[in-house]
Structures are given as structure tokens and as C-alpha cells.
Amino acid sequence: GDTGMPKPTLSSMQRITSPQFSSIPVSSRVLIDVRPKEQYAMCSLPHSVNIPLKELSSRLDEVEKLLAALPEDQNAAEVDADDTHEMLSTRLFVVCRRGNESQKGVYLLEQAGYIHVRDLVGGLAGWTDEVDPNFPKY
């Protein structure tokens with residue numbers, strides 16, 4: 001299943017675990033689910049937006065609108081190397097089923113100029129394991 005795209009390895013600064021992610025208020029983040037529509041229809045995290053990976057580069061304007069709709073973040077102005085601040089300044093997150101496609105999504109968004117974007121480690125399977133055992137696995 002190699003699409004010819006190099007599998008990017010993301011640094012820990014570009015990733016977030018499900019428990020960390022679950023503590024972020026939904027009003028201050030955008031979660032892009034890059035799975036195919038059929039999979040998204042089966043189950044999805046609340047407040048996530050489905051933009052399949054293969055459509056992502058052509059739908060960046062939607063990502064922009066979603067981010068623009070977020071309330072202004074008071075912390076965003078403080079640029080601090082401290083990791084918690086770094087996490088606060090991240091408003092854009094990408095998830096998929098297991099965490100592979102979402103890494104490609106992060107890579108693609110970074111190429112498009114989104115500096116603060118993170119991948120959900122372990123994808124939705126990780127969410128089930130670490131946050132919500134009732135979330136369906138498939």
C-alpha cells in the first residue's frame with residue numbers, strides 16, 4: 001500500500017496523545033478526520049470535520065475557514081518554547097484510524113504553511129484504548 005509518498009516521521013512536537021487531546025476544549029481546536037467518507041460515517045469523534053486525505057490539498061480553504069471561526073486565543077500571542085504553550089498554540093489536529101494517514105495529513109498541512117498542526121497518536125484506535133472504551137473499533 002505504498003502511495004509513493006515518503007512516510008514522514010513526525011517529532012513529538014508534532015504529535016499529541018489521546019488523553020492530552022481530550023483535555024483541549026472543543027471550542028479552541030479544529031480536528032480534521034482524514035479517513036474516507038464511508039469510514040467517517042461509521043464512527044467519528046465529536047466536533048471533527050471529515051476531509052479525506054486525498055481531498056485535503058484541494059480543500060485547504062475549508063481548513064482556513066474552520067481555523068478562522070475559532071474564538072481568539074489569548075495565549076496565542078505569547079510565543080514560548082515551553083511545551084504547554086506550544087500545545088496551546090496548536091489549534092489544528094489530524095486524526096485517522098490508526099495514525100498513519102494522519103501523519104501524512106500533518107505533513108501536507110505543514111507543506112501548505114500550517115506550522116502548528118499535530119497528529120493524534122494511535123488514531124481512533126488509540127482513542128478507544130486510552131480515552132473512551134465505548135468508542136467503536138473497526
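Readers should treat all values here as calculations from the given coordinates under stated rules, not as data from a laboratory. Please read all numbers here as calculations on a predicted model, not as lab measurements. Cβ: placed from backbone, ideal geometry, glycine included. Neighbour counts: every protein chain shown.
Annotation note: GluC sites (Glu not before Pro) in region 33-72 located in DSSP loop regions with a Cβ neighbour count of at most 10 within 10 Å are 72.
So if each residue of separation counts as 0.36 nm, and I subtract the Cα-Cα distance between residue 112 and residue 54, what length gain in nm does that give? Please report the intermediate quantities before stating the final value.
Working: separation 58, 0.36 × 58 = 20.88 nm, distance 1.46 nm.
Gain in length upon complete extension: 19.4 nm.
Mind checking the full-extension length gain between residue 9 and residue 28? Use 0.36 nm per residue of separation minus the Cα-Cα distance, one decimal, nm. Let's see the in-between values first.
Details: separation 19, 0.36 × 19 = 6.84 nm, distance 2.62 nm.
Full extension of this stretch gives 4.2 nm more.
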